Structures are given as C-alpha cells and as structure tokens.
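The values are calculated or read from the model by the stated rules, or taken from the named source; none is laboratory data. Predicted, not measured: the structure shown is a model, and the values here were computed from it. Every residue, glycine among them, receives a Cβ derived from its backbone with ideal geometry; neighbour counts consider all protein chains shown.
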There are 2 protein chains.
Amino acid sequence: MERVGFIGLGIMGKPMAKNIMKSGYDLVVYNRSQTSVQELIKEGAEAAQSPKEVAQKVDVLVTMLPDSPDVKKVLLGVDGAIEGLSKGKMVIDMSSISPIVARELDVTLQDKGIRMMDAPVSGGESGAIEGTLAIMVGANESDYELYRKLLLAMGKSVHRVGDVGSGNVAKLVNQSIVALNIAAISEAFLLGAKSGVDPRSIYEAISGGLAGSNALNAKFPMMTDNNFMAGFTLELHKKDLDNVLKNAQSLNVEMPLTSMVTEFVEDLIKSGEAKSDHSALLKYFENLSSSKLIR
Amino acid sequence: MERVGFIGLGIMGKPMAKNIMKSGYDLVVYNRSQTSVQELIKEGAEAAQSPKEVAQKVDVLVTMLPDSPDVKKVLLGVDGAIEGLSKGKMVIDMSSISPIVARELDVTLQDKGIRMMDAPVSGGESGAIEGTLAIMVGANESDYELYRKLLLAMGKSVHRVGDVGSGNVAKLVNQSIVALNIAAISEAFLLGAKSGVDPRSIYEAISGGLAGSNALNAKFPMMTDNNFMAGFTLELHKKDLDNVLKNAQSLNVEMPLTSMVTEFVEDLIKSGEAKSDHSALLKYFENLSSSKLIR
C-alpha cells in the first residue's frame, strides 16, 4: 500500500488524516502547530520536520490548507514539498482554493514530472470525522481511478468533475449557491415572521415543495434556535466567495447576487461574526429590518 | 356530503375541480370561459350563471383565480358570491393573493357571518392533475379540521400555517425562496460553464451536498435541455414577487435580493419571456455575461 503524506492538520485535516490511517495506509504528517501532530503520532503516524521531508518519504501527498497562498507556500516555498517530490509522485490538494491557482500549480509541478489533482470537499467537520465528505475531483481519468480508493477513505460521495482545476470550479459553484440559498431563507422567512406567522409553521408547509433544500433543512433549525456555532464559519465562506468573484471577474461573468451577498458577509465579519456559522447571515437581514426571526 | 362550488377553471382550477368530483362531492361550477365549463358538465358537474348563483347552491365555495383583484370581483362584485352566501357558509380561496387582501376579505365576509380560509397551493399543473399539490392553509383550527378532507381531494401535503392570511404568507415566503434559488443556480452554474467545465458534471458532484435543492433537481435539467416550457410562468411568478415586495414594504422588511431578482424577471418579461417557465431566469444571466450554460 502507498505511503501517504498529509500536510495541514486543522479542523478538517486532522480527522481526514485519521481516516486515511484507519483504511490501512502508512501516514507521514507535517503541521505548523504541534498539538495535532502529537495526537496523530499517538495513533501511529510518523512526523516530518518540513513539507520537503514529508514529500521525500511518501508516494502520494495530501494537502488540506486554508487558502491559495498557504498551498503555494507548502508546495513551492522554502523547504517546500516540490523539493522532496521525485518524478511520478502525486499531490492531491484537497484545500478549497482558486481553480486558477490550482491549474498554475499543476503546470509548475508538471515541469518536474510531478502529477497533481485538486479535490476540495464539502460536508464540514462532521463529514470529515465520519468520513462522509463530498469530494469534487479535478484530475485526468487514470489518476482519478488510481487514487479513488484513497479518496474514499475520507469521503462517501466522490465525483470526478473534469481535469485539474475543475474540482475547485465545482466548489466555487457550490459555495455561491449555498451562500445565496442561506440568504434567501433569511430574507424570505423574516417577511413571514414580520407578517405575524410562526416561521416554523411556514417551514413545515413549504420545506417539502419547490422551496425545499438541503440548506433549508440544515440551517433553518440553527436559525430558529439562535445557535450559530460553526459548522462552517462566515470567515471561510467569505474566502470562498472572494475566490468566486475573482474568478468571475477574470472570465467576465457578472454575479450580481453573489456580489451582494459577499458584501453582507463582509459587513457581518466587521461586526464580529467572523467565527459564527454561515447561517448567521440571518443576522444581517435581521439588522437591516430591525426585526427578529423568533421573538 | 357537502355540495361544493368551484369558481376559476383555469390550468390549475380545472383539474382541481375534477379531483373534487372524483372524491364524491357534488360540484357546481362557474367560469368566464365556457370551454372548461362544458368539459366539467360532461363529467357530472352542474353549471351556474354567476358567482352569486354558485354560492346559493352550495355549502362550501372554492375559488382559484389569478390574483387579488379577480378574487375581490368574484366574491364582492356585481352578482358576486357574497350575495348568494348565507350565514355559516365557507369560502376557501385557493388563489395566490396578497395576505393583506385575504385578511380584508375575511373581515368583509365575517360581517355577514360567512367563514373563510386561504389555501394557496404549490406543485404546478402536474400536481393539480395528480392531486398531489402542497396546500398552505390559513384558517382557525376547527375550520381546518372540517375542510381538511376536501383539501386532501386536491393535495397530498396539506398544512395549517396559522389563521386566515397565513396560507398566503407561507406562499410568498415560498415564492421568494424559489425565485432566489433558481437565480442562484443560474448565476453560479454559468461561472462553472465559463470556466470550461461541463455543468452536468458539476451538478453530479454537488447536488447531493449543501447546495442541493428541490429547485436544482427540478429546474437544472430544463436549463441544460434549453426547454423552458411552463411549468410555472415568469408572468405568474412576477405577480407573486410583486405581492412579496408590496407586503415587505408595508411591514418595513427590506428584501434586497428579492427586489433584485424581481427586476431581472421584469426585464425578461419585457423581452418576450412572459409565458416561459421561471427557470428561464437563466436567460437573464446568460445575456448579462454574453455566455451560454450549454454551448
């Protein structure tokens, strides 16, 4: 079985790395903060001192980092993975980054004969722990077939979208729709509440119809319980929405709704909600109309 | 069994009236256009010459009309139903109208001892034919219990939302969310397409996750097939969105996203798409970015 490297043991990365070990792979890890590294060592992982050292020791390297600059630094920076990766080795970047950056990285790595795929995920911390993530893969078909088994150690729904970069294209589409669906729920249900009707009764009446959505079922209970513990933070969603808009701009795609909601998210972050779940978008609309969903 | 009156034998009303007869009720109908009336007579209905005459002959009167002014005219106008309804009789208005008008009508009818509930539907023509409509009911609890059986002749999911008017409040919330979800799908998937990725592959990868919705599953195939045959027309959705915004304004609720999408719908109607399905919202975004979802 291949030796797997894992860089980025954050909220998502740590449980994903554990699930790789549970599937029987030998794991070599690197992370800036050492607490997670110690935890993984106890469960049988080997620790390395730099991305370069991880890369030297493994056949396939998984990265799970916050944003494009982090991935660039870990792969191409001082003591970066590229220095330790020999020809034919594979990098699977599971971070949610700009597809433009993913394609640039692919070109840079290809110059040294190193293969890459982008495979961002959705499903949050619970999906990472339970190994039920949805994984959107950008890879050529043969690489996808070769590494599908490794991806299935971390996720339940694994789909190849297209070539390298297209995993992150799918993720951007996903994040735009999710933000807009949460905003729609907030805006519309506030009208219902202000009309004097119990929003929970409206939910019962409409959630089975055309207005029904996974976002409605997942987020509406958080809104009515006034519980905005992440989940997925507004701060991270803002990062994804910025990538959406940057990509849209470079492709001359107009996104008036996503632009508007991104401003709302920015406003909320400025008012101290960075670490709240993205369902806290409700608060923007509550402030706007000086009204509460649940009184 | 009660004798039921039915006024408004349009695309939705005609199959709903037929389903009432199929459940064993005697039916008296009135409609401006006579073609539908003849069709109903053949199946055993009795025809009346005015809303007043229908009202005189039945115990409960169902109305299914395009908008608030139509309902007002049929109930309160010359030879209107109010002239034929005696004390204790029930009006079930299943039209999608402003909840403010629904409440006003209730007050007017109550003055004459006539009961009313609002019970707008969703599910479109196919739901009306198959008797699988979702029905959102605004009524007091005892009226709801009394007429639930009649409503179940037309719908599958029947929910009491609250008192009279709240059926239409739920419908407005529903229509706002549906419009925004369709707009979100359009805007986000166009970014995916312009990025050079097959939108259908993105759909496969994300529809099971947090971006998944009933609108996505129902409307995305229409968008990729370039088939915008209604379904539910942009014209009718515009009418509902206008009611949403009118109600929001009267309650000081800000709805920036719904306002924006309503403008887009208006623009499409002006360019000749009034009778297209509301999934044709895609075309607004395609024009905006001079780009096609499927090339």
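Being more than 9 Å from chain B (Cβ to nearest Cβ) and of a type in the set (A, V, I, L, M, F, W, C) is the filter here, so list the residues in the range A:230-262 that pass it. Step through it out loud before you land on a result.
Filtering the range A:230-262 for residues more than 9 Å from chain B (Cβ to nearest Cβ) gives A:230-231, A:233-243, A:245-246, A:249-250, A:259, A:262.
Answer for the range A:230-262, where residues must be more than 9 Å from chain B (Cβ to nearest Cβ) and of a type in the set (A, V, I, L, M, F, W, C): A:230, A:234, A:236, A:241, A:245.
Could you tell me whether residue B:144 is surrounded by fewer than 24 Cβ atoms within 10 Å (Cβ to Cβ), more than 8 Å from every other protein chain (Cβ to nearest Cβ) and either over 20 Å from the mean Cα position of the chain (by Cα) or not in a loop (DSSP other than H, G, I, E, B) (or both)? If you could, list the steps in order and put the result at the bottom.
On the way: surrounded by fewer than 24 Cβ atoms within 10 Å (Cβ to Cβ): yes; more than 8 Å from every other protein chain (Cβ to nearest Cβ): yes; either over 20 Å from the mean Cα position of the chain (by Cα) or not in a loop (DSSP other than H, G, I, E, B) (or both): yes.
So residue B:144 passes the test.
Mind counting the residues in the range A:17-35 that are buried (at least 18 other Cβ atoms within 10 Å of the Cβ), touching a strand residue (DSSP E or B) at 6+ places or on another chain (Cβ under 8 Å) and of a type outside the set (A, V, I, L, M, F, W, C)? Give the steps one after another, and end with the answer.
Start the filter on the range A:17-35 by keeping residues that are buried (at least 18 other Cβ atoms within 10 Å of the Cβ), which leaves A:17-21, A:25, A:27-31.
Next cut, touching a strand residue (DSSP E or B) at 6+ places or on another chain (Cβ under 8 Å) only: A:17, A:20-21, A:25, A:27-31.
Then keep just the ones that are of a type outside the set (A, V, I, L, M, F, W, C); that gives A:25, A:30-31.
Qualifying residue count, the range A:17-35: 3.
Anything in the range B:152-161 that is buried (at least 23 other Cβ atoms within 10 Å of the Cβ) and more than 7 Å from chain A (Cβ to nearest Cβ)? List them, or say none.
Start the filter on the range B:152-161 by keeping residues that are buried (at least 23 other Cβ atoms within 10 Å of the Cβ), which leaves B:154-155, B:160-161.
Answer for the range B:152-161, where residues must be buried (at least 23 other Cβ atoms within 10 Å of the Cβ) and more than 7 Å from chain A (Cβ to nearest Cβ): B:154, B:155, B:160.
Criterion first (touching a strand residue (DSSP E or B) at 6+ places or on another chain (Cβ under 7 Å) and either within 21 Å of residue A:235 (Cα to Cα) or not polar (S, T, N, Q) (or both)) does residue A:101 satisfy it?
On the way: touching a strand residue (DSSP E or B) at 6+ places or on another chain (Cβ under 7 Å): no; either within 21 Å of residue A:235 (Cα to Cα) or not polar (S, T, N, Q) (or both): yes.
In short, no.
Could you name every one of the strands (runs of 3 or more DSSP E) located completely within the range A:1-71 that has at least 1 residues being on the phi < 0 side of the Ramachandran plot and among the small types (Gly, Ala, Ser)? Walk me through how you get there before you give the answer.
Details: elements: A:3-7, A:26-30, A:60-63.
In the range A:1-71, A:3-7 are the strands (runs of 3 or more DSSP E) which contain 1 or more residues that are on the phi < 0 side of the Ramachandran plot and among the small types (Gly, Ala, Ser).
Determine whether residue B:227 is polar (S, T, N, Q), away from chain A (no Cβ under 12 Å) and in contact with a strand residue (DSSP E or B) (Cβ under 9 Å, 6 or more places away or on another chain).
On the way: polar (S, T, N, Q): yes; away from chain A (no Cβ under 12 Å): yes; in contact with a strand residue (DSSP E or B) (Cβ under 9 Å, 6 or more places away or on another chain): yes.
Yes, satisfied.
Within 14 Å of the chain's Cα centre (by Cα), modelled with pLDDT of 95 or more, crowded, with 18+ Cβ neighbours inside 10 Å and closer than 24 Å to residue B:278 by Cα: does that describe residue B:123? Quick ask: steps written out before the conclusion?
Values: within 14 Å of the chain's Cα centre (by Cα): yes; modelled with pLDDT of 95 or more: no; crowded, with 18+ Cβ neighbours inside 10 Å: yes; closer than 24 Å to residue B:278 by Cα: yes.
The answer is no for residue B:123.
A quick yes/no check of all residues on (1) surrounded by 16 or more Cβ atoms within 10 Å (Cβ to Cβ); (2) outside any loop (DSSP other than H, G, I, E, B); (3) in contact with a helix residue (DSSP H, G or I) (Cβ under 8 Å, 6 or more places away or on another chain):
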| site | (1), (2), (3) |
| --- | --- |
| A:85 | yes, no, yes |
| A:97 | yes, no, yes |
| A:106 | yes, yes, no |
| A:113 | no, no, no |
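In the range A:162-189, how many are part of a helix (DSSP H, G or I) and either among the β-branched types (Val, Ile, Thr) or more than 7 Å from chain B (Cβ to nearest Cβ) (or both)? Spell out how you get there, then give the answer.
Taking the range A:162-189 first, the residues part of a helix (DSSP H, G or I) are A:166-189.
If we keep only those that are either among the β-branched types (Val, Ile, Thr) or more than 7 Å from chain B (Cβ to nearest Cβ) (or both) too, we end up with A:167-169, A:171, A:173, A:175, A:177-179, A:182, A:185-186.
Of the residues in the range A:162-189, 12 are part of a helix (DSSP H, G or I) and either among the β-branched types (Val, Ile, Thr) or more than 7 Å from chain B (Cβ to nearest Cβ) (or both).
Could you check the range B:263-295 and list, in sequence order, the residues that are among the hydroxyl-bearing types (Ser, Thr, Tyr), in contact with a Ser or Thr (Cβ under 9 Å, 6 or more places away or on another chain) and either within 14 Å of another protein chain (Cβ to nearest Cβ) or within 19 Å of residue A:260 (Cβ to Cβ) (or both)? So that I can check it myself, show each step before the final result.
Kept after step one, since they are among the hydroxyl-bearing types (Ser, Thr, Tyr), are these residues of the range B:263-295: B:271, B:276, B:279, B:284, B:289-291.
Keeping just the survivors that are in contact with a Ser or Thr (Cβ under 9 Å, 6 or more places away or on another chain) gives B:276, B:279, B:284.
Across the range B:263-295, the qualifying residues are B:279, B:284.
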